Structures are given as structure tokens and as C-alpha cells.
There are 2 protein chains.
Amino acid sequence: MTSDEARRRLADMGFAATDVSALVAHFEDAARRGKAGHGLSRVDWLETLELDPAARPVLLESEEGFERWDGRGALGYLVLEEIIRATLADPPERARVVVARRCFPTGVLGYWVRRLADAGFVGALTATSPLRLPHPDGGPPLTGTNPIAIAIPSSDGAPVVADVSMGAVTHGDVLAGRASSDELVPFGGEQAHKAFALAVGLELFVSALAGPERGAVLVVAKPDHDPVPAFRKLAAALRLPGDC
Amino acid sequence: MTSDEARRRLADMGFAATDVSALVAHFEDAARRGKAGHGLSRVDWLETLELDPAARPVLLESEEGFERWDGRGALGYLVLEEIIRATLADPPERARVVVARRCFPTGVLGYWVRRLADAGFVGALTATSPLRLPHPDGGPPLTGTNPIAIAIPSSDGAPVVADVSMGAVTHGDVLAGRASSDELVPFGGEQAHKAFALAVGLELFVSALAGPERGAVLVVAKPDHDPVPAFRKLAAALRLPGDC
């Protein structure tokens, strides 16, 4: 699918021009970074959902160090877009925890925190997703793949962006036939109990703050130090998380 | 080593009675939860360090949603003990990010956040540690094992506590001869790039906020929801993170 076609079809679904641009920018960035399952083909999938393209997230509670948002039926991508814009327009002096209830789907989490890092802020974002990962010992799915993304700005240019899902494969891989559904387990093979523990911790952390519907939690802070240049030097030619 | 012997030797090192109690409580809890490398035998190791038993952490900056501490030469365990006590004495209305510079060693991170969860708060704590993990492609150690612990309270009793280090084995395993030093790599085998990305993200997240010396970052928040009872029901007899 081309960007133009995606734009046309999103507009046909009723999304406003600014929302179309926000969605396409996210899908294009995902494709550029090799996350094909989060690219423009997602428009096909969005067309299968019952969406209210006019729904808007609302800021329920706003303090210097804490915000609570409700997606209120808006697409999760657009909830995060709104949160990132609002955060950049009024960033915390030091740090802020931002809770978003009813925030799904959230796409590539690294995309959102990279924008905070590009503006000089540290960001860590996690989100719950449909229950797909079972306990390493088996049983029913207990957690989402529950990604976490962490972005750190750098005075020398590109931020470092770690973006890790707890699944050995993605649900997109399963849908596309690149993996079987029984491969959708916590990553790590013999040490899958570690990824499972992280998935459980993040699942309950987000749920305790954002409630039973899928949500997201962002921590954004102003850094006091600039560790990335020395870190890149130490890593020399090795590829770091988030590098293209 | 018995608790009495540990108490005696810590007192001989010059630690005040309350500090001795705090240290022994942490070591005993670690041993009880099967983290032998963090148990009472750590007193042997402490005796090899140059410590100032009278050093005290100091709160440099204190706002509702943000705190910055400096360990100022105090043992990391005692810095976290002080932070947990101060947080429980004056918890955030909603959420707080707590940064601790010069905070090492930090022991079993789950121990600290479990105490927040026992008092009804969600806690997520991460800390940097000496550089030991190389890139999955090889090269020098780039990150610490950088554990993260997440604790969620429950209305039905025991909190869930996920506590995960990014190493395939612990440095303690290597010291004790239970693992070789080349096994001290990011966990996950073929998917070690995921644990490595998390280790990098946490390393730089903590460093950007706490500076180049080893530090810790805590996020503590008051939950709006109580997801653990339903989660335990769904998991039925399966063992969850932090269960004994």
C-alpha cells in the first residue's frame, strides 16, 4: 500500500486530515525501521474494526508530576499522538507519570518516546495488549506481549531507543504466517520465565493504574546527564537498539 | 552465616544498630526467597569493601512528583532503605519519580518495591550495576545486569512482584563457580538481543537521570484498580512472579 492510498482510505473512514497525517507518519516510520507488521498494511486491519473516527482522548487529571487520560474510544495511536504533543507543549520541569486508560492499539512504542528524546526528554512507555502469552509451563494466555520502549536523548544526535516486546514472535508474525501460534510465547527459550515475569509485571502495573481495558503508562523526565555519546564510543561499531 | 553472626560482624564494621537491622532484614529476605547470592554471605563481601558506615544519603530535591537523592557514600542498601521509609512516611498523592545517584549495591530490588506494594502502592525500581553484559555479537561489557522489579499490591493479600535481571546468569553465580564468566551475557539465547536492548535502555535511563556513578530510579504510584485477584484466578495453580 502506498502512503497516498493509505491517506485516501483513512480519509474515507472518516478521519480528519490531522489524524490521517499522524497515522500515516507512524505507519511510515514503522515500515522504515523494519517493523513491517506495524506499517501501512495496518490500514487494511483498521478497516475491519468498528471505529469512531471523531472520538477524542480527554485529559481527566493534570498535575505537574501526574496526568491521567482516557482514550474515550479514540484509536490508541491517536491517544498517544495527543499525549506526546501535549507533553512536548508543556513538558515536566523534572518528571511526570502519564496514565492512559482505553488506549489501543499503540503501534510501535519506540516511535512515541523517540519524539520525546528528539526534544531532549527521557521517555519510558509501556502498554498492555490482548492476552496472548501463556505461562512458560503452559495454560491459557495470561498477558499481552506488553512492549516497553525506553528512549534517551543524546547531545551528539540520534537518541538510543530500546523497544522490546515480551513475545518470542509477534502476533503480526502469526497473522502473516511467518510464525505459528504456539511460537507466541514469552521470549528467551529456557529462560522464558524472565520475559514472562516482565510481561506479568508490566500487565499488572498498567492495569493497576489504567484499569482493565488496554492502556498505557508513560514516564517522561528531563535528564541531568548525557550518557549516550560515551556509550556509543564504548560500543564502537556495534549496532545499538533503535539504530537503523 | 547465622543472623546473629552477621549482626555482630556488621556492628564490628561500625554500622549503627538500625542499619544493622535493615541490612540483616534484607539479606534474610533474599535467602528466604532463594536468592542465595544476596543472602547473609554478602557480609563477607562487605568486609572486603572500603565503607563509611556513618555515611548517610541526602534528599537533594523534593517535590510532590519528583525526588532526587544522593547516596553520598552510604551503602546502596541503606540508601534504598531510607528512600522506602521516606516514601512510606510521605507517599505521593498520585505518582512520584525518585532518582538516586551513587546508590550501590542495591541487592534484591524486589525486596524494596514489595514493601511499597504491601502498603498499597505500585512500585517499579531499576538500578545500574557494574558493566558485565556484552553485546550479543561480542565485544566488551557495555551494561550492567540492570535488574528491574515491579510490584503490584492486591486486595487479596500477597502482591505480585516481578524482579528480573538482564543477565543469563548472575555475577554471584560466576563468583560461586556455578557459572563461567562467558555465560554472563544477556539472557534469551537466540533472542538475547531483546534482553540486551532492555539492559541498554535501563542503563541509559538511569544514567541520564542519576549520572555516571551507579544509581537507581524508582517510580511509585497509587493504584486506581486492583487487577491482581482476577489475574491470580486466571493463572489458577501456576506460579506467579514473586511467589515463594
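The values are calculated or read from the model by the stated rules, or taken from the named source; none is laboratory data. Since the model is a prediction, treat every value here as computed from it, not as a measurement. Note that we place each Cβ from the backbone using ideal geometry, even for glycine, and neighbour counts take in every protein chain shown.
Here are the numbers:
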{"quantity": "Test: residue in segment A:47-59 that is out of contact with any helix residue (DSSP H, G or I) (no Cβ under 7 Å at 6 or more places or on another chain) and on the phi > 0 side of the Ramachandran plot", "calculated": "no"}
{"quantity": "Residue count, segment A:136-164 (criterion: out of contact with any Asp or Glu (no Cβ under 6 Å at 6 or more places or on another chain) and under 24 Å from B:PHE196 (Cβ atoms))", "calculated": "19"}
{"quantity": "Flag for B:LEU175 being touching a His at 6+ places or on another chain (Cβ under 7 Å) and surrounded by fewer than 24 Cβ atoms within 10 Å (Cβ to Cβ)", "calculated": "no"}
{"quantity": "Matching residues in segment A:111-139 - criterion: being outside any loop (DSSP other than H, G, I, E, B), facing chain B (nearest Cβ under 10 Å) and touching a strand residue (DSSP E or B) at 6+ places or on another chain (Cβ under 9 Å)", "calculated": "A:VAL113, A:ALA117, A:VAL122, A:GLY123, A:ALA124, A:THR126, A:PRO134, A:HIS135"}
{"quantity": "Test: residue in segment B:219-240 that is without any contact (Cβ under 8 Å) to a residue 40 or more places away in the chain, crowded, with 24+ Cβ neighbours inside 10 Å and of a type outside the set (A, V, I, L, M)", "calculated": "no"}
{"quantity": "All positions within segment A:193-244 that are within 18 Å of the chain's Cα centre (by Cα) and among the β-branched types (Val, Ile, Thr)", "calculated": "A:VAL200, A:VAL206, A:VAL217, A:VAL219, A:VAL220"}
{"quantity": "Checklist (1) at the interface with chain A (Cβ under 9 Å from one of its Cβ atoms); (2) in contact with a His (Cβ under 8 Å, 6 or more places away or on another chain); (3) buried (at least 23 other Cβ atoms within 10 Å of the Cβ) applied to B:LEU142, failing item", "calculated": "(3)"}
{"quantity": "Residues satisfying the stated conditions in segment B:109-123, i.e. touching a helix residue (DSSP H, G or I) at 6+ places or on another chain (Cβ under 6 Å) and surrounded by 24 or more Cβ atoms within 10 Å (Cβ to Cβ)", "calculated": "B:TYR111, B:TRP112, B:VAL122, B:GLY123"}
{"quantity": "Tally, over segment A:147-157, of residues that are surrounded by fewer than 18 Cβ atoms within 10 Å (Cβ to Cβ) and either out of contact with any helix residue (DSSP H, G or I) (no Cβ under 8 Å at 6 or more places or on another chain) or at pLDDT 95 or above (or both)", "calculated": "2"}
{"quantity": "Hits in segment B:22-72 (condition: more than 30 Å from A:GLU67 (Cβ to Cβ), assigned to a loop (DSSP other than H, G, I, E, B) and charged (D, E, K, R))", "calculated": "B:ARG33, B:LYS35, B:GLU47, B:GLU50, B:ASP52, B:ARG56, B:ARG72"}
{"quantity": "Condition met for A:VAL160 (aliphatic (A, V, I, L, M), surrounded by fewer than 24 Cβ atoms within 10 Å (Cβ to Cβ) and more than 22 Å from A:ALA100 (Cβ to Cβ))", "calculated": "no"}
{"quantity": "Any hit, segment A:41-64, residues being assigned by TED's automatic domain parsing to the domain that holds A:LEU218, more than 21 Å from A:ARG102 (Cα to Cα), free of Cβ contacts under 8 Å to residues at least 40 places away in the same chain and not basic (Lys, Arg)", "calculated": "yes"}
{"quantity": "Filtered residues of segment A:157-168 (kept if over 14 Å from the mean Cα position of the chain (by Cα) and farther than 13 Å from B:GLY188 by Cα)", "calculated": "A:GLY157, A:ALA158, A:PRO159, A:VAL160"}
{"quantity": "Cβ pairs under 6 Å, 6+ apart, first in segment A:80-96 and farther than 12 Å from A:VAL219 by Cβ and in the same structural domain as A:ASP118 (by TED's automatic domain parsing), second in a helix (DSSP H, G or I) and at pLDDT 95 or above", "calculated": "A:LEU80/A:TRP112; A:GLU81/A:ALA22; A:ILE84/A:TRP112; A:ILE84/A:ARG115"}
{"quantity": "Hits in segment A:101-117 (condition: under 26 Å from B:SER62 (Cα atoms) and over 12 Å from the mean Cα position of the chain (by Cα))", "calculated": "A:LEU116, A:ALA117"}
{"quantity": "Test for A:PRO140: is it in contact with a Phe, Trp or Tyr (Cβ under 7 Å, 6 or more places away or on another chain) and closer than 30 Å to A:PHE187 by Cβ", "calculated": "no"}
